[in-house]
Amino acid sequence: MIPAKGSQAHPEPWKEELRRAFTHVDDLLRFLEIDPDCAGDLTLAARDFAVRVPRGFAELMRKGDRGDPLLLQVLPSAQEVSPLAEGDEDPVGDAAAAQGAGVLKKYRGRALLLATSACAVNCRYCFRRHFPYRQLSLRHDIIDEMVATLRRDPNLREVILSGGDPLMLDDDQLEEILSRLREVTQLRRLRLHTRLPVVLPERVTPRLGRLLRHTSLLSIIVVQVNHPNELGSAAREALRALREQGSTLLNQSVLLRGVNDDPEILTALSESLIHAHVIPYYLHQLDPVRGGTHFAVSDRRAREIANRLRADLPGYLIPRLVREIPGAASKQPLC
Ligand SMILES: *Cc1c(COP(=O)(O)O)cnc(C)c1O
Ligand code: SF4
């Protein structure tokens, strides 16, 4: 493993925040002043996929509201473990796209690195909830193998750090990866797929900014915000810092029943995003992961919502409605 230097003596604030995250449904519900009534079922679902909710994210939820759109994204539900639960363990064909340790190659010019298995928040609809992450760790020999795999593709222009959440790596670890990526000489762009600037804004340290500014690669940060309430003042501040150090900021949302399947919410989201210097990129139809299908929205309704957004917003605020189809050459537009 790449050692995380100096973290014992003075834990960085973001690591402290991570340590303080809610990991028990009961604690989270108590904090939100909600009666933890059917906790039995919830516990079962939580055993299948652990609960993890940073305090700062929980503070953005409405007290006493079980239907809060941020809470719904993270609260286990009995439907996850129902014997009738539909869906797949690997709905996007990641196993077939794996190319050596931690590298997924699906689309021309781009390779996705599964940099870590960890996330700061566990989203109940996550399509990676069954991914065999335990096989991944960031040992030097694995980085060697990743770099060797990337060097073999002369058309490669962009590396996407994903996971899990790549910003769960600390700055020492990221620095090592960025420095090793210099060996991939055909590479032009670095993309980070991360929820941390929003759910754990403390992670946006000045050193992270410097690391991104000093790489020779163009840096693009794709966050995931599903509802405008997620953009609290700390998140907006973190996004501004990332923007100021020169990254292009994009957002992808997942269309989620009961959370954001409403043109007015998505219009408000696009408006809030652009004022946080983030351009809406994708609106994903949910990948049918087992345990997550109760969030699914029909294609008919999804298109209806997308059409409303087109009528109500300038072109640059309209995310592309897409779905991932295993084996396809790109994400597939729905309209
Ligand atoms: C989604 C995805 C990408 C990026 O696709 P874009 O359309 O460029 O955003 C790249 N690699 C993999 C494996 C993906 O799943
Ligand atoms: S990979 Fe993304 S969607 Fe999945 S749990 Fe982590 S932050 Fe949430």
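Taken together, VAL254, VAL289, VAL278 contain a single residue that is touching an Asp or Glu at 6+ places or on another chain (Cβ under 8 Å), surrounded by 18 or more Cβ atoms within 10 Å (Cβ to Cβ) and touching a residue at least 24 places away in the same chain (Cβ under 8 Å), which is VAL289. Is one or more of the residues making up segment 96-107 surrounded by 20 or more Cβ atoms within 10 Å (Cβ to Cβ), modelled with pLDDT of 95 or more and assigned to a loop (DSSP other than H, G, I, E, B)? No: zero hits.
When residues in segment 257-273 are screened for being closer than 17 Å to ARG323 by Cβ and crowded, with 18+ Cβ neighbours inside 10 Å, 3 of them pass. Considering segment 167-196, and only residues there that are within 16 Å of ligand 2 (Cβ to nearest atom), touching a helix residue (DSSP H, G or I) at 6+ places or on another chain (Cβ under 8 Å) and in a loop (DSSP other than H, G, I, E, B), the residue that is modelled with the highest pLDDT turns out to be THR194.
Residues checked against (1) closer than 23 Å to SER272 by Cα; (2) of a type outside the set (Ser, Thr, Tyr); (3) more than 16 Å from ligand 1 (Cβ to nearest atom):
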{"position": "VAL147", "(1), (2), (3)": "no, yes, yes"}
{"position": "LEU150", "(1), (2), (3)": "no, yes, no"}
{"position": "SER162", "(1), (2), (3)": "no, no, no"}
{"position": "ASP171", "(1), (2), (3)": "no, yes, yes"}
{"position": "LEU200", "(1), (2), (3)": "yes, yes, yes"}
{"position": "PRO228", "(1), (2), (3)": "yes, yes, yes"}
{"position": "LEU239", "(1), (2), (3)": "yes, yes, yes"}
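Filter segment 189-242 for residues that are among the β-branched types (Val, Ile, Thr) and surrounded by 22 or more Cβ atoms within 10 Å (Cβ to Cβ); which is farthest from VAL53 (Cα to Cα)? Within segment 189-242, the match that is farthest from VAL53 (Cα to Cα) is ILE221. Considering only residues in segment 63-95 that are of a type in the set (Asp, Glu) and surrounded by fewer than 17 Cβ atoms within 10 Å (Cβ to Cβ), the one that is modelled with the lowest pLDDT turns out to be GLU86.
The lone criterion from (1) within 16 Å of ligand 2 (Cβ to nearest atom); (2) within 21 Å of GLN285 (Cα to Cα); (3) out of contact with any strand residue (DSSP E or B) (no Cβ under 8 Å at 6 or more places or on another chain) left unmet by PRO91 is number (3).
The values are calculated or read from the model by the stated rules, or taken from the named source; none is laboratory data. A quick note: this is a predicted structure, and the numbers were derived from the prediction, not measured. In this analysis, Cβ positions are derived from the backbone assuming ideal geometry, glycine residues included, and neighbour counts consider all displayed protein chains.
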